[in-house]
1. Go through region 1-45 and give me each residue that's more than 17 Å from residue 88 (Cβ to Cβ) and loosely packed, with under 12 Cβ neighbours inside 10 Å.
2. Scanning for something in contact (Cβ under 8 Å) with a residue 60 or more places away in the chain, surrounded by 14 or more Cβ atoms within 10 Å (Cβ to Cβ), in contact with a helix residue (DSSP H, G or I) (Cβ under 9 Å, 6 or more places away or on another chain) and part of a helix (DSSP H, G or I), does region 58-75 turn up at least one residue?
3. Tell me, which residue of region 37-48 that is assigned to a helix (DSSP H, G or I) and free of Cβ contacts under 8 Å to residues at least 40 places away in the same chain is nearest to residue 104 (Cα to Cα)?
4. Only residues that are assigned to a helix (DSSP H, G or I) and out of contact with any strand residue (DSSP E or B) (no Cβ under 7 Å at 6 or more places or on another chain): list them for region 1-36, please.
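Only the coordinates and a few stated rules stand behind these numbers; no lab work does. Since the structure is predicted, the reported quantities are computational estimates derived from the model, not experimental observations. Here the Cβ positions follow ideal geometry from the backbone for every residue, glycine too, while neighbour counts run over all protein chains shown.
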């Protein structure tokens, strides 16, 4: 069985000023805490972050990197996710949404797919 993980990437504050969709998705953001991206992966969070930052593509040529992380991703925030991993795929899919909602309630600006 493949183990899955959720992960959190801190994004540059530029995402707030440069990306309208990001701003619109985060009316709760108070400008004090960080902008974040939450994802899930069957890779290690470190491997997945590297794929984002290199604009990786699948063997079939499909883009597998988030433009937000490619352009604005700074580094992983393991203190926000390490305690949750590993899990199965269904749990990871659910946890990606749950963790995003938890972080939004804490006034972070958050993007997830």
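1. 14, 17, 20, 21, 24, 27, 30, 31, 32
2. Scanning region 58-75 turns up at least one residue that is in contact (Cβ under 8 Å) with a residue 60 or more places away in the chain, surrounded by 14 or more Cβ atoms within 10 Å (Cβ to Cβ), in contact with a helix residue (DSSP H, G or I) (Cβ under 9 Å, 6 or more places away or on another chain) and part of a helix (DSSP H, G or I).
3. Residues of region 37-48 assigned to a helix (DSSP H, G or I): 45-48.
Subset that is free of Cβ contacts under 8 Å to residues at least 40 places away in the same chain: 46-47.
On the way: 46: 23, 47: 25 Å.
Among them, the one singled out is 46.
4. 14, 17, 18, 20, 21, 23, 24 - these are the residues of region 1-36 that are assigned to a helix (DSSP H, G or I) and out of contact with any strand residue (DSSP E or B) (no Cβ under 7 Å at 6 or more places or on another chain).
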